[in-house]
1. I'd like the full set of residues that are assigned to a loop (DSSP other than H, G, I, E, B) and in contact (Cβ under 8 Å) with a residue 24 or more places away in the chain, limited to the range 305-323.
2. So which of 420, 432, 439, 406 is surrounded by 23 or more Cβ atoms within 10 Å (Cβ to Cβ) and more than 20 Å from the chain's Cα centre (by Cα)?
3. Just a yes or no: is a residue in the range 477-497 at pLDDT below 95, crowded, with 21+ Cβ neighbours inside 10 Å and either assigned by TED's automatic domain parsing to the domain that holds residue 259 or assigned to a loop (DSSP other than H, G, I, E, B) (or both)?
4. Considering only residues of the range 548-568 that are assigned to a helix (DSSP H, G or I) and out of contact with any strand residue (DSSP E or B) (no Cβ under 6 Å at 6 or more places or on another chain), which is surrounded by the fewest Cβ atoms within 10 Å (Cβ to Cβ)?
5. For residue 107, are the conditions met, namely being surrounded by fewer than 23 Cβ atoms within 10 Å (Cβ to Cβ), touching a strand residue (DSSP E or B) at 6+ places or on another chain (Cβ under 8 Å) and assigned by TED's automatic domain parsing to the domain that holds residue 67?
6. Which is surrounded by fewer than 20 Cβ atoms within 10 Å (Cβ to Cβ) and not assigned by TED's automatic domain parsing to the domain that holds residue 724, of 688, 663?
7. Any chance you could count how many residues in the range 609-634 are out of contact with any helix residue (DSSP H, G or I) (no Cβ under 7 Å at 6 or more places or on another chain) and free of Cβ contacts under 8 Å to residues at least 60 places away in the same chain?
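The values are calculated or read from the model by the stated rules, or taken from the named source; none is laboratory data. Predicted model, so just to flag it, every value in this text is computed and none were measured. All Cβ positions, even for glycine, are placed from backbone atoms using ideal geometry, and neighbour counts span all protein chains on display.
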């Protein structure tokens, strides 16, 4: 049986220099994993308690170790070749006498078939709960720490949470509450509560190990037992590999990048008189959108385009344009970009497709084009992108379609052209402003993270929106997003959330880590508002753009009918909101305006009352209360105008059947619409006055979402109670995580991920 120096390392846990050398020694020997004893020695160096044990090499040593440790015992085959000992039958439990130890030792040697480094004799720890923790190297985000429910069923139960390393103590604490089985951390069936501080110490230490030992590829501590509530590593699997090489990064000149959104002049290379061609659509959008600077069509044909003189080349222009938008065939893009660089154009946007998204040859050509831009320090957006919108500059430079949302504090970055079209078209239809839009395309040079940093610095951007499918440098994205989210809400619509699938995982941690789980962890740590629903994404864009941020999760629900109030209250519980307790003085105010049979609680049922001023007085009494952080109003909008359709139907019926038309009353049908508009404006006034968000949900289908009245806040109307509640939850989460919160208890959700 092979012998090593592991006994010495395991028993002398203070010898940190020897333990740190384990990784280098194993790699020098050509091994891809540490043995369990080596792994535990490394853990012990970082203050992680490990089960007491001795590595033995013959029967006499096994019996001697048993006598020193005491019964019951566990015997394990130790091997750097066999990673999963349980699967190979190399773990034998609950050995209670010397005969059992002797037989177990013989069985393990036989099963090891000459591949054992020794047999590990360990104390068997009494613990009614088993957890798992570990780390992996994620392709996008680098080292990631995992914590969850462990044991032999860890993968089947799949109840784990992740955090990108290194972990702060607060981030480690959040992992404990992110698993579904978090109740097991408290007193359970007579067992004392787990020492959370000690468990946080373990997770923080794993983050340190990941940072200080980049050669460690994956690590599993499974099971992590909790005898007397203290976490102890009963097993340790550590796999090794070459340390990842850092990827060099070209630093973007943000002053020149400003030309993308605020150009003083623009050239369209590949401009066309045919409006349906990309070069024609871009020209149409720029000119029809009201851009005030010079626009230079560039086309070798040199014919006038849309009434403007065309030029054969960038070199022939009367001035150096701030920005060039390139829409020529792929084979001509490199020459166009080189000409822009030579002329000193500040930035270039390439909308042309046919590069890395289609072939290896296209990827190589894309890199040549990007290198030209890098050499000259000229930011290049694209290729294969939808273009740019800057409503603040009346600059609409997109291809294929007309997208012209109004001005607003939100700015949107999209890694998908068709998703960008959908989102901007939705914003325009719902009358919500988007100040800037960027279709990043293939991100050959300037990527989403660069634009995230730019928008963080941009004084006109108050909300940052991203549609993302991935990040080449996830750690850089995490750092920039965390910095931005401290100052501005960051909302991410995530696409491509399926598991990596092909990940070759040696550990439970690697097997259970998918792209969605890792991205969710990064989003949580960065303070990002994450969604997978395009409709909710736009809801959040408008909410963060036009509503005040709440200082807590105490929410009041005002409803025209009981059923909507019930489903909204259920969703509030699922989303981590608290139903606010209405003080007696608020109840008394509501008694004065509502029928005597109203609900007298939260949700506040208006029982269908549409009389003038009732809804306004009820909402004001509630939003004024210091016990309420935000209000969701269901069905007032839409209910006030339901008589319009009834009266129209009755008038049409009267015309067909020849009886007297219905009495429309003073002011006719317009009074119902005016009544609703007065309510919408009063909501905006109440938000200005009290600084609390009020979200409306329409009783009937409605396209418009944002109603502006020239005030600091605008009224937001959403189409369903559940969407209204979820948006309020996101607002409350951001308020509590960004420092706005004063009444923030930890959220209690049925699931930690929404």
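1. If the condition is that a residue be assigned to a loop (DSSP other than H, G, I, E, B) and in contact (Cβ under 8 Å) with a residue 24 or more places away in the chain, then 306, 310, 313, 317, 319, 320, 321, 322 are the ones that fit.
2. Numbers: 420 fails: more than 20 Å from the chain's Cα centre (by Cα); 439 fails: more than 20 Å from the chain's Cα centre (by Cα); 406 fails: surrounded by 23 or more Cβ atoms within 10 Å (Cβ to Cβ).
Checking each option against the conditions leaves just 432.
3. No, every residue in the range 477-497 fails to be at pLDDT below 95, crowded, with 21+ Cβ neighbours inside 10 Å and either assigned by TED's automatic domain parsing to the domain that holds residue 259 or assigned to a loop (DSSP other than H, G, I, E, B) (or both).
4. The selected residue is 563.
5. Judged against the criteria, residue 107 is a match.
6. 663
7. Going through the range 609-634 one residue at a time, the tally reaches 4.
Yes or no, residue by residue, for (1) surrounded by 16 or more Cβ atoms within 10 Å (Cβ to Cβ); (2) over 24 Å from residue 548 (Cα atoms):
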site	(1), (2)
593	yes, yes
604	yes, no
615	yes, no
621	yes, no
645	no, yes
